[in-house]
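To start, the structure under review is shown below, and the notes come after it.
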2 protein chains.
Amino acid sequence: MIYEDEAFMREALRLAEKAAAAGDVPVGAVIVKDGNIIARGYNQREAGHSATAHAELSAIEAACRAAGSWRLHGCTLYVTLEPCPMCAGAIINARLDRVVYGAKDDKAGACGSVVNLFEMGFNHRPILKSGILEEECGTVLSRFFAALRAKGK
Amino acid sequence: MIYEDEAFMREALRLAEKAAAAGDVPVGAVIVKDGNIIARGYNQREAGHSATAHAELSAIEAACRAAGSWRLHGCTLYVTLEPCPMCAGAIINARLDRVVYGAKDDKAGACGSVVNLFEMGFNHRPILKSGILEEECGTVLSRFFAALRAKGK
């Protein structure tokens, strides 16, 4: 299972690099069902001029389109960074079985860092796993912000 | 201000009726800037087969397209039902100035009922007002659910 989790997180990391290449904070996500990736997403907030274009939300929307349903039972979401409240709420709304994230987000994380939305009495509670490829997921972010600082942005 | 709030909530109620007509839980939303409606949305979860197609999220996405920016400074969101965690999180992400809602949501409300996401230390805190046209906003929902029960669904 850990080997499989790492393999899917590597694909999420590859998607995070696509976000960075377009000037967006590098976060990537995939959704897996029965061992297959059914949806991909990466952060496009700046490129898409959209407050909702986070990696997880884009992946959930793509998975709903693929499944033809708003219910994503039996699916696992892999994301390189701990979901924010919007994305954690979307995970609840979509009834995802399981969430696996890489790096923690001390400022906006809603899966244990600032709050844990999955333990607050809402009507669905996914299984939560953190720390898969945590170092790589953190490094892609710190490298991005270091490059921004070097440009004086 | 209360007269203006009621006028914009009436438009949100009109949009909620569009959701109901398509078989979706009737929730409607508008986003206002400088006294003008710049975006509208209504719940299309069932019709759109999408876990993220809530009224508020649709309105925020439309407002970002209209503004050409993920930042919705200076805007107020009106919604007939208290936002869920996903939508409250999107409100934070979009930096909306103000949120006005009608009816409370005891089961999924993230603006005071189950939790208040705007008071948990995240990096933006909109002004919050509730109870505008609360009775009408609640009635549109209870009528929808009564009709569903009558159909034995």
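Cα-based Rg (one decimal) and Dmax (whole number) for segment B:87-153, in Å?
According to the Cα coordinates of segment B:87-153, Rg and Dmax are 14.5, 45 Å.
Taking the Cα centre as origin and putting +1 on Lys and Arg beta-carbons and -1 on Asp and Glu beta-carbons, what dipole magnitude results for the protein assembly as shown, to the nearest 20 debye?
440
Take peptide B:41-51, look around each residue's Cβ out to 10 angstrom, count Cβ atoms belonging to other protein chains, and average those counts.
The shielding value for this peptide is 4.
To the nearest whole number, what is the average tally of beta carbon atoms from other chains within 10 Å of the beta carbons of peptide A:112-118?
Mean shielding by partner chains, rounded to a whole number: 3.
List, in order, the whole-Hz ³J(HN,Hα) value for each residue of segment A:94-110 obtained from phi through the Karplus relation with A = 6.51, B = -1.76, C = 1.60 and θ = phi - 60°; use x for Gly and Pro.
So the Karplus estimates, Gly and Pro as x, are 8, 6, 4, 5, 8, 10, 10, 10, x, 8, 6, 10, 5, 8, 9, x, 10 Hz.
Would you be so kind as to identify which of A:GLY89, A:VAL27, A:ALA12 lies farthest towards the positive end of the dipole of segment A:1-130, taking Lys and Arg as +1 and Asp and Glu as -1 on Cβ and the Cα centre as origin?
The listed residue farthest towards the positive side: A:GLY89.
Give the average, rounded to an integer, of partner chain Cβ atoms located within 10 angstrom of each Cβ in B:100-109.
For peptide B:100-109, the averaged partner shielding equals 1.
Can you tell me how segment A:5-137 classifies by the Cα gyration tensor, rounded, prolate or oblate, using a/c under 1.5 as the rounded cut?
rounded
If you place +1 on the Cβ of every Lys and Arg and -1 on the Cβ of every Asp and Glu, how big does the dipole about the Cα centre of segment B:59-153 come out, in debye to the nearest 20?
Value, rounded to 20: 260 debye.
For A:THR139, A:THR76, what's the largest-to-smallest order of accessible area, 1.4 Å probe?
Largest accessible area first, the residues go A:THR139, A:THR76.
By the scheme Lys and Arg +1, Asp and Glu -1, what is the net charge of all other residues having a beta-carbon under 15 Å from that of B:ALA53?
Net local charge, B:ALA53 excluded: +1.
So what is the 222 nm mean residue ellipticity for chain A from helices alone, if each DSSP H run of at least 4 adds -39500 (n - 2.57) and you divide by all residues, rounding to the nearest 500 deg cm²/dmol?
-13000 deg cm²/dmol
Determine the distance separating the Cα centre of segment B:74-153 from the Cα centre of segment A:65-86; give it in Å without decimals.
Using only Cα atoms to place each centre, the spacing works out to 22 Å.
Let me cross-check A:ILE127: its accessible surface, 1.4 Å probe, with only protein heavy atoms counted, in Å² to the nearest 10?
My reading of the accessible area for A:ILE127 is about 110 Å².
With every protein chain left in place, what is the accessible area per residue of chain A in square angstrom, probe 1.4 Å?
For chain A, the per-residue accessible area is 44 Å².
With θ set to phi - 60° and the Karplus curve 6.51 cos²θ - 1.76 cosθ + 1.60, what are the ³J(HN,Hα) couplings of segment B:20-29 in order, to the nearest whole Hz, using x for Gly and Pro?
Listing the rounded values in order: 4, 4, 9, x, 9, 3, x, 9, x, 8 Hz.
Checking a compactness column here: for the protein assembly as shown, what do you get for Rg(Cα) / (2.2 N^0.38 Å), N being the number of residues?
Normalised by 2.2 N^0.38 Å, the Cα Rg of the protein assembly as shown equals 0.98.
To the nearest 20 debye, what charge dipole does segment B:106-147 have about its Cα centre, counting +1 at the Cβ of each Lys and Arg and -1 at the Cβ of each Asp and Glu?
Dipole about the Cα centre, nearest 20: 140 debye.
For each pair in A:LYS33/B:LYS107; B:LYS107/B:LYS151; A:LYS129/B:LYS129; A:LYS33/A:LYS129, compute the distance between the two Cα atoms and list the pairs where it is over 26 Å.
Beyond 26 Å: A:LYS33/B:LYS107; A:LYS129/B:LYS129.
Report, for B:ILE127, each distance to the same residue's label point in the other copies, shortest first and in nm; define the point 7 Å along Cα→Cβ.
Computed spacing set for this position: 4.7 nm.
The values are calculated or read from the model by the stated rules, or taken from the named source; none is laboratory data. Small disclaimer: the values here were computed from a predicted structure and weren't measured. As a convention, Cβ positions derive from the backbone with ideal geometry for all residues, glycine included, and neighbour counts pool all protein chains shown. The protein model used for the area step is the full one, side chains on, heavy atoms only, and it has no ligands, DNA or RNA in it. Shrake-Rupley method; radii C 1.70, N 1.55, O 1.52, S 1.80 Å.
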